[in-house]
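K.L.:
Have a look at this one.
The values are calculated or read from the model by the stated rules, or taken from the named source; none is laboratory data. Nothing here was measured: the structure is a model prediction, and the numbers come from that model. Here the Cβ positions follow ideal geometry from the backbone for every residue, glycine too, while neighbour counts run over all protein chains shown.
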Amino acid sequence: MVEKITVHKTMSDSEIADREGEYFSEKFYKGVGRYIVKSDIDVYTAEGKLLLKFRKKIIPKHYTDMALDSFLEASQKKHENRGAAAGVLDREKMANYIGTFVNPGKFRTGFESSVSGKPSKQATSNLSQSNIVGFFDVPDRNLKGKGAPCRLTVFNRDHPDLWKNSIPFIQNCDKQFKKLVPERHKIQHKRAQSTPNFAISNTAFSTITINYSWRTALHRDKGDLVDGFGNLIVIEDPNNKNTYDGGYIGFPQYGVCVDVRTGDFLAMDVHEWHSNTEYRPRNKQIFGSPREKDVKNGWYFNRMSVVMYLREKMIKCKDVTLWNNKAGGGEGGTVKGTGIENELLKSLPSEYVNYMRNQYNMFI
């Protein structure tokens, strides 16, 4: 019998909102009425709202191996666009070319380049080892407003074989989602499949965020389906000997956090405030040759996390048809040749388009 608990707010909505971009330690989750979850459980709020469902060791190893093979390298690339989730502005966590701050906020700032001395046209936040794969409902900013409203991520564009290899893993996670939270899955799956060319195969997902050894600060996910549910899987990299304890995903407003490890599955309400606790190294020795900045910021542990969801605005691309489903993209027909589709094809390297046509009958 799976344990069920009810959690109560530890602070008001305004109090938790004021902590956006900040960290909550493991110690915060210890004490009366607080929980560090390490076994199967269903967690509800005092209002009866589902906060999370957690199951141990239900994703088979051959599926997590697929995900690791597909996503490991991409998950380790650093980006500077995660805002509050990357934490309060900290120069130790920023790229070296960030010079003088211009109109800084709590976790985003304009800046002058330390190389050219010129102001940047884009804001920045702390670095994070985080990337997206699948499909995205924001035009490519490099096309300066001329791109299609929905598109492939760079990962899909540049690594079609790795993407194809990951599909069985994603489908298995979708199966767990359907089993654990059937009502939310039904809503999300119906919405996802209304734009099949921007859904991941026959699942309820359009997009995946992959992170490597990244401790998120307090944030709520934005841009995904409000009536849907988030899905989190952790995969520990066996080739990285820098193992860890901690790194729990926590909901500080409700005083509960979860220790998600390889093979576990967590369905969670990502619209509630959440963040990670600190990593604690299991070994005094640091293996490999991580950079000093990586060590200082805890970016060297062997934890890869995979978060699956549906982007809210994918629905605006309901009439856009990209490809058939031979590579897990969807079940649509062929490109219609309208302005949006032509812009999409123009935005992709010709070598990629030709490869996908020859290998998978895409873009035909």
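K.L.:
So which of Arg82, Arg55 ends up being closer than 26 Å to Asn302 by Cβ, under 21 Å from the mean Cα position of the chain (by Cα) and at pLDDT below 95?
P.N.:
Criteria check complete, one pass: Arg82.
K.L.:
If you go through segment 158-207, how many residues are among the polar types (S, T, N, Q), under 25 Å from Phe54 (Cα atoms) and assigned to a helix (DSSP H, G or I)? Steps first, answer last, please.
P.N.:
To start, the set of residues in segment 158-207 that are among the polar types (S, T, N, Q) comprises 165-166, 171-172, 176, 188, 193-195, 197, 201-203, 206-207.
Still in the running and under 25 Å from Phe54 (Cα atoms): 166, 171-172, 176, 188, 201-203, 206-207.
The next check asks that each one be assigned to a helix (DSSP H, G or I); those that pass are 166, 171-172, 176, 188.
Looking only at that region, the number is 5.
K.L.:
May I pose another question? Where in segment 229-295 are there strands (runs of 3 or more DSSP E), lying fully within it, with 2 or more residues that are β-branched (Val, Ile, Thr)?
P.N.:
Where strands (runs of 3 or more DSSP E) fall fully within segment 229-295 and carry at least 2 residues being β-branched (Val, Ile, Thr), they are 230-236, 256-258.
K.L.:
Is it the case that some residue within segment 158-175 is crowded, with 22+ Cβ neighbours inside 10 Å, closer than 18 Å to His271 by Cα and modelled with pLDDT of 95 or more?
P.N.:
Within segment 158-175, not a single residue is crowded, with 22+ Cβ neighbours inside 10 Å, closer than 18 Å to His271 by Cα and modelled with pLDDT of 95 or more.
K.L.:
Of all residues being loosely packed, with under 11 Cβ neighbours inside 10 Å and not hydroxyl-bearing (Ser, Thr, Tyr) in segment 9-32, which is farthest from Val256 (Cα to Cα)? Just the residue, please.
P.N.:
That would be Asp13.
K.L.:
Just to be sure before I move on: is Asn211 modelled with pLDDT of 95 or more, under 19 Å from Gln171 (Cα atoms), among the polar types (S, T, N, Q) and not in a loop (DSSP other than H, G, I, E, B) in the structure I sent?
P.N.:
On the way: modelled with pLDDT of 95 or more: yes; under 19 Å from Gln171 (Cα atoms): no; among the polar types (S, T, N, Q): yes; not in a loop (DSSP other than H, G, I, E, B): yes.
So Asn211 fails the test.
K.L.:
Condition check: out of contact with any Gly (no Cβ under 6 Å at 6 or more places or on another chain) and either under 14 Å from Pro252 (Cα atoms) or surrounded by 12 or more Cβ atoms within 10 Å (Cβ to Cβ) (or both). Does Lys38 satisfy that?
P.N.:
yes
K.L.:
Now for a different question. Got at least one residue in segment 85-95 being over 21 Å from Ser166 (Cα atoms) and either part of a strand (DSSP E or B) or of a type in the set (Asp, Glu) (or both)?
P.N.:
Scanning segment 85-95 turns up at least one residue that is over 21 Å from Ser166 (Cα atoms) and either part of a strand (DSSP E or B) or of a type in the set (Asp, Glu) (or both).
K.L.:
Being buried (at least 22 other Cβ atoms within 10 Å of the Cβ) and more than 16 Å from Ile5 (Cα to Cα) is the filter; apply it to segment 249-263 and report the residue that is nearest to the chain's Cα centre (by Cα).
P.N.:
Among residues in segment 249-263 that are buried (at least 22 other Cβ atoms within 10 Å of the Cβ) and more than 16 Å from Ile5 (Cα to Cα), the one nearest to the chain's Cα centre (by Cα) is Ile249.
K.L.:
For segment 78-122, name all the residues that are aromatic (Phe, Trp, Tyr) and surrounded by fewer than 19 Cβ atoms within 10 Å (Cβ to Cβ). Show your work before the answer.
P.N.:
At the first step, the residues of segment 78-122 found to be aromatic (Phe, Trp, Tyr) are 97, 101, 107, 111.
The answer is Tyr97, Phe101.
K.L.:
Quick one: in segment 233-248, which of the residues that are of a type in the set (A, V, I, L, M, F, W, C) and surrounded by 24 or more Cβ atoms within 10 Å (Cβ to Cβ) is nearest to Pro281 (Cα to Cα)? Quick ask: steps written out before the conclusion?
P.N.:
Of all residues in segment 233-248, those of a type in the set (A, V, I, L, M, F, W, C) come to 233-235.
Retained after the next criterion (residues that are surrounded by 24 or more Cβ atoms within 10 Å (Cβ to Cβ)): 233, 235.
Numbers: Ile233: 20, Ile235: 17 Å.
Only one residue fits best here, namely Ile235.
K.L.:
May I ask you to say which residue of Asn242, Asn156 is touching a residue at least 24 places away in the same chain (Cβ under 8 Å) and among the polar types (S, T, N, Q)?
P.N.:
Working: Asn156 fails: touching a residue at least 24 places away in the same chain (Cβ under 8 Å).
Among Asn242, Asn156, only Asn242 is touching a residue at least 24 places away in the same chain (Cβ under 8 Å) and among the polar types (S, T, N, Q).
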